[in-house]
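The structure appears below as structure tokens.
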Amino acid sequence: MTDSWLPAEHGADNQNLQRRVARGVAWTIVDNWGRQLLNLLVFIVIARFLLPEEFGLVALAMVFVVLAQLFVDQGLGDAIVQRRQLTREHIDTAFWAALLLGAALTAAGFLLAEPIGQLLGEPGLGPLLSVLSLTFVMTAAGAIPMGLLQRELRFRSLALRTLFSITGGGAIGIAMAFLDYGAWALVGQQLGVAALSVVALWLASPWRPGLRFSRRHFGELFGFGANVVGSDLMYYLTRYTDNFLIGVFRTTQELGIYAVGYRILDSANALLIGISRKIAFPSLSRLQHDPERSKRAYFRLTRLSAAVVLPAYIGLALVSPELIALVFGAQWADSGPVAAVLFLVGPAFAVQGFGGALLMAAGRPDVVLRFRFINMLTTVVGFLIAVPFGILAMAISFVIRGYLMLPLQIYYQRRYAGIPGREYLARLRSPALATLVMVAVVLTVRLLVDPQVGRLPLLALEVGAGALAYPLALLVLDRDLVREMLGVASQTLPLGDRARRRLSGRASPRPPDPTAGDPESGRRDRLVDS
């Protein structure tokens, strides 16, 4: 058994892919954790200067901005990642198609921003929307270089681009917030991140577009990309319907409170699942010719991810009210209960977190589209029922929808990707039981400690008890899983190999040279041009 979640018994080609994936995981950790931690730091600073209604106004504007951005690259970036045979005609055609549509959407944003603001009765919304529309053409300019870097598993370049753009954009946002620009500070942050991201992508990618556009090559890519866009649209409706309904039928202040609670969930999702999601699609795509290897890789990926995701989400659900009020300030205290409810969706995320990547890698974006359509319908109906009862009811509706979709997700995985449902769920048993032990310990600490001790000491005791209880319980329940987790850590984290040797009581072989076959080491100009 190898220490990577990819099976290792298929020779040098598989070992090379494992090395590249392990190296990619390390840089994806830097990318995702750097992105989220920097964003959280920037938000903590900006939140001290903004009121909930100002944040809510920008959150309402982003409902329309994100909708337009779905169509910018028409799914062509993902099509480039997935396609086995790729030519320069494919790449050039995808770039010009994305850029033209991005420019058209920017122009439409300028024209429609004011009417949208007037229609919703928010006069301050129009100017924000018109300026944010500039991000459409910026996103289009970077979509294809990003797809090429993902295809080549060049996650180092993507991570450095992320840190560069978020640091620069965050500095702009903080400076504007300090100068009392209010909601415009968040707009400045978004524009700064988008502009610097494009610059970094073009510096990292050796490819430059040629003056070629082929209808045939566009059709070959768009067949896959159209399903991606459709799936993304379903996800968008699932993700942003609540923001739209709260913004229209309630108040921007409530939207600000709800959006901040959801923002914490988004950050945790990116930190805990986003790393594996980014590596899962391109890696599983490379195994699409071998269903058995793909299934084993998927089992291991989900099992390892669940061992981290389950305790983290449930633990955050337990401590969110105290944590948010302590870190973000008293004006955001009402976001704590919203975040606590939203984090209860964690077990559902652990089960279905990589189903979309699995089906996409298997060449079934149509199934992903179908699933997201059903998911969207149930979400919209639930939100329509919940919105008259307030933002906490909206959060409860979101969690219920997550669990209702689990049986369908498991069915699609079995039918279209050959993943047996019972065997799949059985692999998640030990992380689930260890998480229950952690919950019992944290609740016991809460009952025994005097509430008068103060918010910070109580939070520290709860987090410390949970952080100690879970790994001990997992070690008792499933020692092999702990070894497997340390094995992956030994390939991605500097101290992981030392911890694994201590646990196993034996010396581990020296890992292979991680730069062998690495596309980052001196082969920057290599493109798949067959």
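Could you tell me whether segment 191-202 includes any residue that is in contact with a helix residue (DSSP H, G or I) (Cβ under 8 Å, 6 or more places away or on another chain) and on the phi > 0 side of the Ramachandran plot? Scanning segment 191-202, I find no residue that is in contact with a helix residue (DSSP H, G or I) (Cβ under 8 Å, 6 or more places away or on another chain) and on the phi > 0 side of the Ramachandran plot, so the answer is no.
Looking only at segment 346-372, residues that are closer than 22 Å to Leu272 by Cβ and either among the polar types (S, T, N, Q) or not in a helix (DSSP H, G or I) (or both) come to 3 in all.
Leu428 satisfies every condition listed in (1) in contact (Cβ under 8 Å) with a residue 60 or more places away in the chain; (2) surrounded by fewer than 18 Cβ atoms within 10 Å (Cβ to Cβ) except (2). Residues in segment 81-137 that are outside any helix (DSSP H, G or I) and aliphatic (A, V, I, L, M) were compared, and the one that is nearest to Val248 (Cα to Cα) is Leu120.
Kindly evaluate Pro337 against the criterion of being within 21 Å of Met405 (Cα to Cα) and either surrounded by fewer than 22 Cβ atoms within 10 Å (Cβ to Cβ) or out of contact with any Gly (no Cβ under 6 Å at 6 or more places or on another chain) (or both). Spelling it out, it is not the case that Pro337 is within 21 Å of Met405 (Cα to Cα) and either surrounded by fewer than 22 Cβ atoms within 10 Å (Cβ to Cβ) or out of contact with any Gly (no Cβ under 6 Å at 6 or more places or on another chain) (or both).
Step by step: first the residues of segment 160-178, then only those that are among the small types (Gly, Ala, Ser) and closer than 14 Å to Val199 by Cα, then the one that is surrounded by the fewest Cβ atoms within 10 Å (Cβ to Cβ). Which residue is that? Once the filter is applied, the top-ranked residue is Gly168.
For segment 310-340, the set of residues classified as farther than 30 Å from Arg427 by Cβ and at pLDDT 90 or above consists of Pro337, Val338, listed by residue number. Answer with yes or no whether Arg303 is out of contact with any Ser or Thr (no Cβ under 8 Å at 6 or more places or on another chain), farther than 30 Å from Ala465 by Cβ, buried (at least 19 other Cβ atoms within 10 Å of the Cβ) and not small (Gly, Ala, Ser). So Arg303 fails the test. Mind checking whether some residue in segment 243-257 is modelled with pLDDT of 80 or more, under 19 Å from the mean Cα position of the chain (by Cα), more than 30 Å from Pro311 (Cβ to Cβ) and among the aliphatic types (A, V, I, L, M)? No: segment 243-257 contains no residue that is modelled with pLDDT of 80 or more, under 19 Å from the mean Cα position of the chain (by Cα), more than 30 Å from Pro311 (Cβ to Cβ) and among the aliphatic types (A, V, I, L, M). Confirm whether Leu310 is under 29 Å from Pro457 (Cβ atoms) and either without any contact (Cβ under 8 Å) to a residue 24 or more places away in the chain or in contact with an Asp or Glu (Cβ under 9 Å, 6 or more places away or on another chain) (or both). Here the answer is no, as Leu310 does not meet what is asked.
Restricting to segment 64-77, give me the number of residues that are at pLDDT 70 or above and buried (at least 24 other Cβ atoms within 10 Å of the Cβ).
Of the residues in segment 64-77, 1 are at pLDDT 70 or above and buried (at least 24 other Cβ atoms within 10 Å of the Cβ).
Residue count for segment 464-485, restricted to those that are under 22 Å from Leu301 (Cα atoms), hydrophobic (A, V, I, L, M, F, W, C) and crowded, with 18+ Cβ neighbours inside 10 Å: 5. Within segment 138-157, residues that are in contact (Cβ under 8 Å) with a residue 60 or more places away in the chain reach partners that are polar (S, T, N, Q) with beta carbons closer than 8 Å, at six or more positions or on different chains, in the pairs Met138/Ser197; Thr139/Gln69; Gly142/Ser197; Pro145/Ser205; Leu148/Ser205; Leu153/Ser283; Phe155/Thr28; Ser157/Ser205. Scanning segment 374-396 for residues that are under 17 Å from Leu342 (Cβ atoms), in a helix (DSSP H, G or I) and touching a residue at least 40 places away in the same chain (Cβ under 8 Å) returns Asn375, Thr379, Phe383, Val387, Ile391, Leu392, Met394, Ala395, Ile396.
All of Leu447, Leu461 fail the test of being surrounded by 14 or more Cβ atoms within 10 Å (Cβ to Cβ), free of Cβ contacts under 8 Å to residues at least 60 places away in the same chain, over 30 Å from Arg364 (Cα atoms) and not β-branched (Val, Ile, Thr), apart from Leu461.
When Asp513 is tested against (1) modelled with pLDDT under 85; (2) surrounded by 15 or more Cβ atoms within 10 Å (Cβ to Cβ), only condition (2) is not met. Determine whether segment 308-325 contains at least one residue that is among the hydrophobic types (A, V, I, L, M, F, W, C), in contact with a Gly (Cβ under 9 Å, 6 or more places away or on another chain) and surrounded by 24 or more Cβ atoms within 10 Å (Cβ to Cβ). Within segment 308-325, one or more residues are among the hydrophobic types (A, V, I, L, M, F, W, C), in contact with a Gly (Cβ under 9 Å, 6 or more places away or on another chain) and surrounded by 24 or more Cβ atoms within 10 Å (Cβ to Cβ). With respect to the conditions (1) more than 18 Å from Pro311 (Cα to Cα); (2) modelled with pLDDT of 90 or more; (3) β-branched (Val, Ile, Thr), Val463 lacks only one, and its number is (1). In this structure, is Ala98 modelled with pLDDT of 80 or more and crowded, with 20+ Cβ neighbours inside 10 Å? It is true that Ala98 is modelled with pLDDT of 80 or more and crowded, with 20+ Cβ neighbours inside 10 Å.
Which one of Arg277, Arg372 is out of contact with any Lys or Arg (no Cβ under 9 Å at 6 or more places or on another chain), among the charged types (D, E, K, R), at pLDDT 75 or above and farther than 21 Å from Leu459 by Cα? First the steps, then the outcome.
Working: Arg277 fails: at pLDDT 75 or above.
Going through Arg277, Arg372 in turn, just one is out of contact with any Lys or Arg (no Cβ under 9 Å at 6 or more places or on another chain), among the charged types (D, E, K, R), at pLDDT 75 or above and farther than 21 Å from Leu459 by Cα: Arg372.
The values are calculated or read from the model by the stated rules, or taken from the named source; none is laboratory data. If you're wondering where the values come from, they're calculated on a predicted model, not measured in any experiment. Neighbour counts run over all protein chains shown; Cβ positions are idealised from the backbone, glycine included.
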